[in-house]
Structures are given as structure tokens and as C-alpha cells.
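Worksheet for the structure shown next.
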Amino acid sequence: MFENLEKIKQQFNEELNRVESKDELERVRVAFLGKKGLVTDALKGLRDLSAEDKKTFGMQVNVLKNEIEEAIVEYQKKIEEQEYLKEINNAPRYDFSIPSDKPLGSLHPITIVQKQIEDIFKTMGFIIEDGLEVQTEYNNFEAVNIPKNHPARDMTDTYYLENGQLLKTHTSAAQNAIMRKYGAPKPGEYLKALFPGRCFRNESIDASHENTFFQMEGMMIGEDISISNLIYFMKVLLTEVFQRDVKVRLRPGFFPFVEPGFELDINCLICGGSGCPTCKHSGWLELLPCGMIHPNVLRMGGIDPDKYTGFAFGLGLTRLAMMKYNIKDIRVFNSGNLKQLRQFTI
Amino acid sequence: MLISMNWISEFTDLSGINLRELIDRFTLSCAEVEDIYEYGKNIRDVVVGKIVEIREHPGSKKLHLVKVDIGTEIVDCVCGAPNIFVGAVVPFAKPGGQVGDLEIKETKIAGEISRGMCCSEKELGISDDHSGVMLLDDIYPLGTDIKSFMQLEDTIFEVDNKSLTNRPDLWGHYGIAREISVLTKRPLKPLDLYNTEQFDNLAKVDVKIEDAEKCFRYSCITVSDIKVKKSPINMKIRLTYCGMRPINLLADLTNYLMLELGQPMHAFDNKKVSKIRVKTYPETISFRTLDGHDRRVDSETLLICDEKEPVAIAGIMGGELTEITDETDSLLLESANFDATSIRKSSTRLGLRTDASARYEKSLDPELTVPAIKRFLKLLVEIDPAVKVTSALTDCYAKRFDKIKIDFDKAYVDKCTGIDISSDQIEETLTLLGFEVSRKADAFSVVVPSWRATKDVTIKADIIEEITRIYGYDNFDVYSVKSLLIPVRHNIAQSNEYRIKQLLAERYAMNEVHSYIWYDSKLNKELGIVTEPNVRIINSITAENDTIRSTMIPTLLGFVARNADSESEMGMFEIGRVVEGYREDGLCNERKRLGIVIASKRMTEREVYFKCKEIIEQTMRSVKNIAPRFEIKEELAKYNYVHPVNCASIWLKDVEIGFFSVINPRIKNRIDKKLNIAFAEIDIENMEKLAAEPVVFNEVSRYPGVTIDLSLLVDKNLRYEHIASYISEYKCEYLQKYYPVDVFEDEKLLPGKKSVTVRFEFISKDRTLELAEVQAMVDELLKLLEDEGIELRK
């Protein structure tokens, strides 16, 4: 009986060594441990033994059974590893250098720049407003202190419509409506608004002139807004927009809707201020007009100029986009030319 | 405008001042300087010489061999000027010297030695006269460097005219000098004027202003016995450096005065005018201006007339007949002030802008007219002492500007500036700028000087600008506002716009475009697109594009057509404005719309149709969490680019928000027969009438469901929505959802019919459904459908 166990063990080891696949291993497992396997078979002789021997033999069979089970698990791992290596060796090599051909769409460059600036303003608590493109003469001119016969009305070549309305010539046309919509701010609060929009000038188109372009205007009104705040704010804003430390300088500039009015220059982006052809060797680039909102404009917006002050500034979005992407021909924007526009994938 | 530093230094001391730094400060405090030019540095070793001998040049007919006495020696030189003569005194450039870009060296000209050059005015850079050598007065010792009496060296800076639009006082050197004197804190010298009171007993010129709305002031005087014809060298140099061409003494003097004081003046030949009438003509007339052009002058345009006829277009240009010539020896000198708007509009109508009109349209100070005459006479008498003044200074002052008085206090200045500028500094700045300042402690009452009172400085805020620009914006302490922490309510509609754009670009690989707000009528015609009459622009310079769009589709289809040569797969969208006629109050009915167009050669018409529909559905689900509905709308056929059958209106619940369609085959064929096109337009404002539906979370059943596909045989043109409405009649708590998974059409197998496979999902929240009970539900459903004539496909 006991020698028989030894023989089974020997036989098992021999057979296991010949195994090459999982299927064969399973066959060996069944041959030894299955219901009709050799180990199970061996137990059949149990009833012929004495109680003492029964115990010993039973234990030995169990030991053998465990040994065989363990050996099989071990062997199975070995085979799995072999099979895995085989699969890897035969695996196809995918060519990562083949480009995927799914195109990504694009946003209009104006949308991208506008969003970028809007996000900056939102972090500073500005509301974003949206004005109409067709405006009344009142909103576009009178309400921003450009009365009839004012030279500014000749300077801007305005598209007039049959009903006397016009296509807005500047985003300032939205100022009055926004002041009226929100009214004067409560004590300690500010009316902070940013209003981007499409503007129109009745002029011929060439590489640097468009009759349809985007501006963005911002204003901040409160009981204690000062020139000092304006300069601070513009510095912070432009540092964010250009993602670098920006030097600004203010010069007197005349715009009917502000008093005092300024031209704001930044140190040249190309040369940093040392002088180059882009800045005409002055080291400065004229970037945006700004100023303290004219008392007449506040008054017409229903806000008491004796109590409130505010600043306003305008940004040429189209120009900013041209600077950002180095677009030399302004006609790209309204061309609908997909070869050009699909490059703006963000 | 070009400004000469030599000229400025006549009015305020510039000694020891770094001119570049001064110009930078001028830019920051007054007006932008665009360029700086240095003149005369490239003229070296040019001395006074006298021609003592002239001989023929053996090798040339034009050239002469000339001996020039330059004091220390007599020099040989070859000269080609036609106006030389023995005894002529000329500027002579010595070897080693420089004239402009030319280095003077001993050289051979046509075989003859030349040791220098006789110079023309043009060569010296002081006029464009190149007709011969410049002739000097014989009053200087020979060999004197010409720079000792000619102001050749000067720094000229160019001020951007645009930045002077609101500063009428800065259109002459004296005004600029005033600003500079404030910046340098050095005194401004008063103008040296001629005493005209001595002629008050003489008869006045007969002047009448008949239109006081257009002419505010007319001052004049008459002078005779003028002998000198040529202007002094240094006056010529200044005129040239400041961009004017020297002509003759009288013309030069009027220009000189305009550049000095900003006051345009006109000199009439006094023999050709009598009695001045300032008026308009009742009808349009033809008038020949001194540039020789006949101009149509309408009844709105102010004229200077004499007894008989017009002699000048007021403030713009004089007439040819009364112009001063080289023979003129007596003049009527006009110094007037006109209404700015009137001059600007007349000048625009005439298409004639002059140095005078450019100044008048800025609203000049009327107080300038008399000092300008006095200054003119001062200069004229210095040059030609024998002239006689033949009239009293005549001054018609028809309309005066009101004196402007402005009260403010330091607290107001502090509030506007945000910094502390002392009351003393405020007083000093304003006084230097010419304001009459009364001050009690921190309270100010100032009177605006006449040269700033025509439109520029009228209110308190203007005073802030005066104080701060001189204080210097670079000197400001800057700081943030003290702000309360208040949440900002953001505009959901606006973020939705961006979400839509991003969805279309990223999920559907579409490209955002911007098209014009007007129709491109030429392109529409080419494509056969007919647009309905709509609001029009009345003054477009591109008159064919004068109709404002009422829908975005034509402009987007135009882009498809333009790209069709090079693109076979296109997806474009735009969020922009259209105008749909007028509202009840007469204003334009402006709408914000989303336009979408897809065009493909790869996809079939059916596929682009469904792609377009999918885009609409997904967009609405993304921003509104609402599945849009579609309805037949026959009115859409009014657009000739819409497909009469395959189009539909788009609804969110009970709000109509737009439409979509396959392109009409007629237009398609004009664009590209192979290109299948579908488009949609959604009214953003209508879409935003509905708030987004909240997400409702449903507990998911833990038990498995049963899914059953039923192929239903229906009439070919029955839409799924009808099938769905029949199914919806079947009320069963276990039918969780159903949706179409396949549509099969085959004219041979299923004539007049189609098979729509609908998937039904049955599930219970608290147990596993038995197959048999589901079968019973399906049977019940089928029976219901059979009643509507829908059978199961066998």
C-alpha cells in the first residue's frame, strides 16, 4: 500500500515533466486527483487496513494529494508565464507614428481671445454684457457725449439704416444701456462690466482695414474710483492678458466719453522697450484708450456724477487677436476660409 | 504738425535742457510726438565766399571755372549754376566740409580741379530752390561760417495731429511754447507786438459780418508801400523745416504767423478788393480759388466778398483774382474767426482741406485775431521798415464765447485722482497754464483762458486733466479699490454660447466662422439664393451689399461655396446677429442666432440630414437637458434654399426655436452637385426662454430586465413619432423605455411599407420579471398597435 503511494508520486512527477500545455496539465490533474484518479483510487484500499494504519495511510495520502496539488499550481503558473511570453513575442507591433486622422474642430480666433479676457475679468468680479449690433443714434453717439455736429461723428464712417438706426461704431454704444440696467452701485459696491461686441465702420477693406471688427469695453463705477485705481487696474489686467510683467504709461488722449482721457501704451512686446521697427523705435506700443467716465455720460446713464466716478477702457479684440497669432491680414477673420480658420484649435 | 525748437526758444528759455527728455515729457503730458528730426548737423564748413572770376570750362558748355574769395584764400572751383556773376556772394563749401550727404573733397570735374562747391538753397536743406546758387547779402566778412547767421541747426519734432484735435491752442508754436514753459517751469515771454493804436485815427476798413452764426470775428488792416519781395533766410529756413514752401514775403508772413500763433491769415491785394462782406450766397456759385480750380460753392458755405463778388471761401482758401502776386505792394490783411462746424462741413463738401481749415475746425480762440495782426506788422516792419499802415485796425466781433468759471476744491481733486496733490501745486499748475486762479485755502475758483475756452475746458473734470497731466501720470501712486466681497452672478446664456461653440468644435469637429451682417448680393445671385427684402443700409460704400441679413443661412452657404473648391467635408457654425424686419416701435428686430451648416461628399443626403439633426439634438440636450421636437412647417419654403420636403421647424417644449433643412437641389447644383448639404438655424434668445431641465436621478433596479425587439410593419411615410405616440397609449409600469433601433425599407420586399424595429425594455424595481408575463405584456401592446393598423413583421 505505502509503496504504491511512492509509485504514484514517481509516476506523477514523470507525467508532469512531460506536460506542455494547460490542457495536458488538466488531464494530469484529473488522472491523479479526479474522482477516478490514482490518488482517489489509492484511498479505496483504506478499508482493508487496521485502524492504526488507516490513520497513517490516510495522512500520507493527504500529504501526497497536497503535494500534487501544489505541484500542479506551480506548474500551471509556469505554463501561463510561457504562454504569456509566447503571446507577447507574437504580438503585432502597432505603428504609433501613423497619425490619427480624426480632425478637431476650431473656434474663431476672436472667440478664443475674447474668452481668455472674459475669464480674467470674471475672476475680478466683472459681469459680462452683450450689446446689440444695431443701435440708435442716441446710444451710439448722444449718450456717450458725442452730440450732433461733433467732429467724431464725421470721423467715424457710420453705416446708417433706413429707419435712422445705425450699425454700432464702437462698443461704447452699450454703456448707457448697462448703466440703466444696473443703476448706481450700492455703497461700498461697484458696477463692474465688460462688454465685448462687433463694430462696424463704413470703409474699404484691405489687409489692415475691415468694416466689421470686434472691440471689448470695460467700465467700473463706484463712489471712490480714481485715476490711481485706473492705472493700477490696467497694469494688473495687462499683466494677466500678456502673461508677463507689463510696463504701462498714460498719455493725454481725447475721447468724448471720458475726461480725463488717456492713450495707454505698453512697453513693446517685441523688443521689451529698447526700440525696434514694430514700436517705431520708441519702445512703446499704443494699446488702448481709457479714461475717467465723462460726467455727462454718467448723467445720461442715470448715475449722479457728483457722487459717482468711474473709469472705462476699450480693447481692440481683433487687433489683440492679430497680435496674439501674428495675423498680418485682417481679412482672415471674416473670410470663412477653412484652410486658415481651422488652425485655431485652441 | 512740425515744431521747431529754435522757434520755441524765442518764447521760453531752453538753455541747458535735454531736448529729448523734454520731448518725452511733452508726449506724456501734452500730445504724442511721433518723430524727431535733427537738421543742419550735416552742414559743415560752409562759409561766405565772393565770386571774383568766371571762365569758360574747356570741356563743358554748362560748367564754369570759378575763383571764389573766402577771405583767407582764393579757391578754384567748377560750378554749373546758371545764375553766377562776378561779385556774387554765395555759401561756399570748403574741402573737408559737408553738405547733406555730400562730403566735400578736392576733385576733378570734367578734367578741371575743383576745391569746393557753391551751394544752392536746396543743397543746404533750407528750401526746394535748386535753380541756381543761393545769393547772400554782401554784408558778412568773407570766410564767415554761414551757421553764424543762418539758423541751420534745429531740432524739429512732429506732433501727431490726431492728438491735437481737442487742443486748438496747440496749433501754433506759441501754444506749444506755453506748454513747454509749464513743463520746464520757466517763464513764457509775451509776444512782441506792433503798436497799432497809433493808427486808430485812420479810417476803418468797411467790414460787415452778415452771418454771425458762421463768422464770430473779423479783424483786418491795410498796408501799402511794400517793397521787399523775399523773406529773410531764417524765416525761410523755419518755414521749410516746418513743412511749408517759401513763396514770397507776404505769403510767407501769413504762413509764418499761422505756424507761430495757430491763427490762419489771408492777405488780399488791396488794389483788388474794397468793402468786406462776410456772408453766404443764396445759390450755388462757381468760384476760382487761388490754386486755379473752379469750385462749386453752395449756399451753406461762408464767403468773404467785396462789393462786387466773392474774394475768398471763408477759412478755407482765397480767390485767384485777389491773390497777392510778386507785383503786390499793398495788402488787406485778414485775421478772422469762424464757426468750426461750418468750416468743417464746408471743407468736406468742397473736398478741400487746407492748413487754415484744419485749424479753424478745431475751434480757434477768437481772441487771437488782433494779436496776430499786430505780430504780422511787427515782423513786416522789421523786414521792410518803409511800409505804411493805411487803415485803423478794424475789428468786427460778432459773437463772443462766454467766460467759463469753474469752482472746485481739493477734496474733489483727491477723489478723482486718488492721490494727494497739494493745493499749492494745483494753484501753480493752473496759473502757469494761464488760468485766472482765485483760491481760498482748499477752495478754488478759476477762469479758463480764452485759448482753452472754445470747447476744450468746460467742466470740473477738465480741470482734473490739466492738473494731472502736468503732475505726470508716471508719478502716480497706484492702488486697488477697497472692494466688498460680493458674489458675481454670471450670465448663463453667455456661458451656454461658449458651451455650444465648444461642443460643436470638439465633438463634431466643426469650424467656427464669422460672416458679415449683410448679404453678399453678388454671390447670392451666382448661387441662385433669393433673399427677402429686409432692413437696408442707406450709405454703404459697397452698395451691392446693403441688405441686412434676416437669417444666417445665405452667408454660411456662401462660405460653403467659397470653400467648395478645396474642401469636400465641411462643418461650419456661427453665433451672430440678424435683423428680422422692424419691431412695433420702429426699431430693428435684432436677433442672436446660431447657424450651422454641414456639407459632405462622403455622406449621403440622408446622412447629412440626420447628422444635422443629431447636432441640434445633442446641443439642446447639452445646454438645456431637453430633447427638441421637430415639426413640419410649410412656411419654410419661403426660403428658396430650403428643401420643400426635407425640412422641419425645431421646438423646445412649446417654444419654436428654429429650423433645419437639406439644401434645395437647385442651389445645391450651383454650389457643387456632389456636395450634400444640410443646415440649421436656432434663435438663441428663444432657446434661452427655457431654463435647463434639472437632472432627475432614478434609483436603478437591482433586478435584470428583459429586452425585446419588435419589427413593426408600417406605412412607408408614417413617422416614428406617430408609432411612439401609439406605444405611449400602452400604460405599463414595467415598460421602462422604448426606442427605434432599425428602419428597413425595400420596395420589392415591402411595397409601400417599411419595417421599424423598436426595442422595448421591461424591468421591475422589486423582482425579476418572468418571461411569460413579459410575453403577455408584448401581446397586449401588439394588440393595441394592431388597432392602429400596425402589425408585427413576419
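Each value in this text was obtained by applying a stated rule to the coordinates, not by laboratory testing. Computed from a predicted structure; not experimentally measured. All Cβ positions, glycine included, derive from the backbone under ideal geometry; neighbour counts span all protein chains shown.
Could you work out, residue by residue across A:218-225, how many beta carbons of other chains sit within 10 Å of that residue's beta carbon, and then give the average as an integer?
2
Taking the Cα atoms of region B:1-102 alone, what are Rg (to one decimal) and Dmax (as a whole number) in Å?
Just the Cα atoms of region B:1-102 yield Rg and Dmax of 20.7, 63 Å.
Under 5 Å between amide H atoms, partner at least 5 residues away or on a different chain: which partners does B:Asn491 have, H built in plane at 1.01 Å?
Under 5 Å from the amide H of B:Asn491 lie the amide H atoms of A:Ile128, each far enough along the sequence or on another chain.
Counting only C-alpha contacts under 8 Å and six or more residues apart, can you give the relative contact order of chain B as a whole percent?
8 percent
Need the full-extension length gain, B:Lys689 to B:Ile17, defined as separation in residues times 0.36 nm minus the C-alpha distance. One decimal, nm.
Once the chain is fully extended between B:Lys689 and B:Ile17, it gains 235.2 nm.
Give me the count of lysine pairs in region A:40-169 whose alpha carbons sit under 15 angstrom apart, restricted to pairs 8 or more positions apart or on different chains.
Taking the Cα cut-off of 15 Å, the pair count is 5.
Between the helical axis of B:340-350 and the dominant principal axis of chain B, each derived from Cα atoms, what acute angle in degrees is found, rounded to the nearest 10?
Tilt relative to chain B: about 80 degrees.
Per-residue Cβ counts within 10 Å, from other chains only, averaged over A:230-236: what number is that?
4
Give me the compactness ratio for region B:399-448, meaning the Cα radius of gyration over 2.2 N^0.38 Å.
Expressed relative to 2.2 N^0.38 Å, the Cα Rg reads 1.20.
What ranking do B:127-134, B:282-289 get when scored by the average of other Cβ atoms within 10 Å per residue, highest first?
So the order, starting with the most tightly packed, is B:127-134, B:282-289.
What does the extension gain come out to for B:Lys41 and B:Glu382, with contour length at 0.36 nm per residue minus their alpha carbon separation?
This chain segment gains 119.9 nm when fully extended.
Report the per residue volume, in Å³, of the convex hull enclosing the C-alpha atoms of the protein assembly as shown.
Per residue, the Cα convex hull of the protein assembly as shown comes to 347 Å³.
Defining a contact as two alpha carbons under 8 Å apart and six or more residues distant in sequence, what relative contact order in percent does region A:109-342 show?
22 percent
Using a 10 Å cut-off on Cβ atoms, rank the peptides B:44-56, B:742-754 from the highest mean neighbour count down.
B:44-56, B:742-754
Take the alpha carbon atoms of region B:425-439, find their center, do the same for region B:209-286, and report the distance between the two centers in whole angstrom.
35 Å
Evaluate the Kirkwood expression for the hydrodynamic radius of chain B, namely the inverse of the mean inverse distance over all pairs of different C-alpha atoms, and round to one decimal in Å.
35.3 Å
Positive end of the dipole of the protein assembly as shown, charges at C-beta (+1 Lys, Arg; -1 Asp, Glu), about the Cα centre: which of B:Ile324, B:Tyr703, B:Tyr498 has its Cα farthest in that direction?
B:Tyr703
For chain A, just give the cysteines left without a disulfide-compatible partner, judged by no other Cys Cβ under 4.7 Å.
A:Cys199, A:Cys290
Considering only the protein assembly as shown, what is the antiparallel percent among its DSSP beta bridges, to the nearest 5?
The answer is about 95 percent antiparallel.
Please state the shape class of region B:640-794: rounded when a/c is under 1.5, otherwise prolate if a/b exceeds b/c and oblate if not, all from the C-alpha gyration tensor.
oblate
Pop the C-beta distance of B:Leu636 and B:Arg296 into the FRET formula with R0 = 51 Å and round what comes out to the nearest 0.05.
Efficiency, rounded to the nearest 0.05: 0.45.
Note the per residue figure in Å³ for the convex hull of the C-alpha positions in region B:441-565.
So the per-residue hull volume is 325 Å³.
Taking a ≥ b ≥ c as the square roots of the eigenvalues of the Cα gyration tensor of region B:205-325, is the shape rounded (a/c under 1.5), prolate (a/b larger than b/c) or oblate?
Taking the square roots of the gyration eigenvalues as a ≥ b ≥ c, region B:205-325 is prolate.
Whole angstrom only: what separates the Cα centroid of region A:184-262 from the Cα centroid of region A:1-66?
92 Å
Quick check: convex hull of the Cα atoms in region A:109-342, volume per residue, rounded to a whole Å³?
135 Å³
Averaged over A:198-211, how many beta carbons belonging to a partner chain fall within 10 Å of each residue's beta carbon?
Mean number of neighbouring Cβ atoms from other chains: 2.
Given a cut-off of 23 Å, what percent of all Cα-Cα pairs of region A:2-89 lie beyond it?
Here the tail beyond 23 Å accounts for 31 percent of pairs.
Kirkwood hydrodynamic radius (Cα pairs, Å) of region B:599-720?
One decimal place: 16.8 Å for the Kirkwood radius.
Based on the Cβ-Cβ distance of B:Asp585 and A:Arg180, what FRET efficiency does E = 1/(1 + (r/R0)^6) give at R0 = 22 Å, to the nearest 0.05?
Approximately 0.85, to the nearest 0.05.
So which of B:Lys204/B:Lys236; B:Lys525/B:Lys689; B:Lys731/B:Lys794; B:Lys613/B:Lys731; A:Lys181/B:Lys592 end up more than 27 Å apart by C-alpha?
In this structure, B:Lys204/B:Lys236; B:Lys525/B:Lys689; B:Lys613/B:Lys731 lie more than 27 Å apart at Cα.
To the nearest 10 degrees, how steeply does helix B:423-432 sit against the main Cα axis of chain B, on a 0 to 90 scale?
Approximately 60 degrees, to the nearest 10.
Can you bin region B:551-655 into rounded, prolate or oblate? Criterion: square roots of the alpha carbon gyration tensor eigenvalues sorted a ≥ b ≥ c, rounded for a/c under 1.5, prolate for a/b above b/c, oblate for the rest.
oblate
Amide H to amide H under 5 Å from A:Leu288: which residues, 5+ apart in sequence or cross-chain, H placed 1.01 Å off N in plane?
For A:Leu288, the qualifying residues are A:Leu264.
Kindly give Rg over Rh for region B:275-397, based on alpha-carbon atoms, with the Kirkwood expression for the hydrodynamic radius.
0.97
Where in region A:25-42 does the amide nitrogen come within less than 11 Å of the point 7 Å from the Cα of A:Glu83, taken along Cα to Cβ?
A:25-26
How big is the shadow of the Cα convex hull of region A:182-292, averaged over all directions, in nm²?
Spelled out: convex hull of the Cα atoms, projected over all directions, averaged, 8.9 nm².
Name the lysines eligible as straight-distance cross-link partners of B:Lys105: C-alpha to C-alpha under 27 Å, and not fewer than 8 places from it in the same chain.
B:Lys41, B:Lys50, B:Lys61, B:Lys62, B:Lys67, B:Lys94, B:Lys122, B:Lys147
Compare the peptides A:289-299, B:506-516 by average per-residue count of other Cβ atoms within 10 angstrom and give them in order, highest first.
Highest mean packing first, the order is A:289-299, B:506-516.
Going by alpha carbons, how many degrees (0 to 90, nearest 10) lie between the helix axis of B:492-507 and the longest principal axis of chain B?
Tilt of helix B:492-507: around 70 degrees.
Once you have the Kirkwood Rh of region A:252-330 from its Cα pairs, apply Stokes-Einstein at 10 °C and 1.306 mPa s and quote D in µm²/s.
The Stokes-Einstein estimate is 111 µm²/s.
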